[in-house]
Amino acid sequence: MLYIRKEEKSDFNDVYNLIKNAFISAEHSDGDEENLVNRLRESKNFVDDLSIVALDDKKIVGYVLFTKVKIAEDYALALAPIAVCPEYQNKGIGRALIEYGHNKARELGFSHSIVLGDENLYRKFGYKTSEDYNVFAPFDVPKENFMILKLIEDKKDLNGIVKYAKEFNI
C-alpha cells in the first residue's frame, strides 16, 4: 500500500540513492539531481513540508521536491526533481506525489508552481506554457517545456523572469 509523507532526515540516504538510480537512464538529466537535492535542503528556498516521499511498505519508492523561486517580487514554487524507482514507474506514484505536493503547497499559501519538463506529462496536472502568462525561464528552453500552474485561482497572476535558488547553478 502506497503511503505519502514529508521526508525525514533518516530518509536522506535512501532518497539520494533513489534519485541517482531513477535518473541513470533518463533522457533529460544533468547527472546531478541527487546532489541538487542535497544542496537545496541547505537553501533558504527549501520548504520542509514540500520535500515528499512515497513509500511502499517501508521502502521509499518515490520523491518530489518543490522549492521557492522568485518571479519579480513574488514567491512561487519550482517542481524539481521528481523521481520514482524504475521498477515502480508507470504505476501512478509520480502522479500521487505531484498531487500531494500541489495540495500541500495550496495549504501553505503558494499560488503558483513552475516546472521544466515534458509538456504532455505536466499538462495532465493543469500546467500551461508559462509564456502565455508572461512568466519566462532565465535560460533558453523550448517554450512548450517551461510551464506554470496556478494553484490558487483567486490569487493574482505573476509575471516576469523566474529566479531559481542559487543551488540550481543556473
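Read-outs throughout are calculated quantities, based only on the coordinates presented, and are distinct from any laboratory measurement. A quick note: this is a predicted structure, and the numbers were derived from the prediction, not measured. Virtual Cβ from ideal backbone geometry, glycine too; neighbours counted across all protein chains shown.
Candidates 55, 40, 36, 79: the one that is crowded, with 19+ Cβ neighbours inside 10 Å, aliphatic (A, V, I, L, M) and assigned to a strand (DSSP E or B) is 79.
Can we say residue 48 is surrounded by fewer than 19 Cβ atoms within 10 Å (Cβ to Cβ), outside any helix (DSSP H, G or I) and not hydrophobic (A, V, I, L, M, F, W, C)? It is true that residue 48 is surrounded by fewer than 19 Cβ atoms within 10 Å (Cβ to Cβ), outside any helix (DSSP H, G or I) and not hydrophobic (A, V, I, L, M, F, W, C).
Please verify whether the range 67-80 includes one or more residues that are among the hydroxyl-bearing types (Ser, Thr, Tyr) and within 20 Å of residue 44 (Cα to Cα). There is at least one residue in the range 67-80 that is among the hydroxyl-bearing types (Ser, Thr, Tyr) and within 20 Å of residue 44 (Cα to Cα).
Have a look at 66, 23, 12 and point out the one that is of a type in the set (Phe, Trp, Tyr) and touching a His at 6+ places or on another chain (Cβ under 9 Å). Answer to the selection: 66. Each residue in the range 48-91 was checked for being more than 13 Å from residue 4 (Cα to Cα) and either over 14 Å from the mean Cα position of the chain (by Cα) or of a type in the set (Gly, Ala, Ser) (or both), and 17 of them qualify.
All conditions in (1) free of Cβ contacts under 8 Å to residues at least 24 places away in the same chain; (2) β-branched (Val, Ile, Thr); (3) over 18 Å from residue 16 (Cα atoms) hold for residue 98, with the sole exception of (1). Residues in the range 85-128 that are aliphatic (A, V, I, L, M) and either assigned to a helix (DSSP H, G or I) or surrounded by 23 or more Cβ atoms within 10 Å (Cβ to Cβ) (or both): 93, 96, 97, 98, 105, 114, 115, 121. Of the residues 107, 73, 153, 119, the single one that is of a type in the set (Asp, Glu) and out of contact with any strand residue (DSSP E or B) (no Cβ under 9 Å at 6 or more places or on another chain) is 153. Screening residue 10 against (1) surrounded by 13 or more Cβ atoms within 10 Å (Cβ to Cβ); (2) more than 14 Å from the chain's Cα centre (by Cα); (3) of a type in the set (S, T, N, Q); (4) outside any loop (DSSP other than H, G, I, E, B) leaves a single unmet condition, (1).
Restricting to the range 133-155, give me the number of residues that are in a loop (DSSP other than H, G, I, E, B), out of contact with any helix residue (DSSP H, G or I) (no Cβ under 9 Å at 6 or more places or on another chain) and either of a type in the set (A, V, I, L, M) or buried (at least 18 other Cβ atoms within 10 Å of the Cβ) (or both). So the answer is 1. Pairing each residue of the range 129-149 that is in contact (Cβ under 8 Å) with a residue 60 or more places away in the chain and closer than 15 Å to residue 69 by Cβ with any residue that is polar (S, T, N, Q) and surrounded by fewer than 21 Cβ atoms within 10 Å (Cβ to Cβ), provided the two are 6+ apart or on different chains, yields C-beta distances under 7 Å for 135/159.
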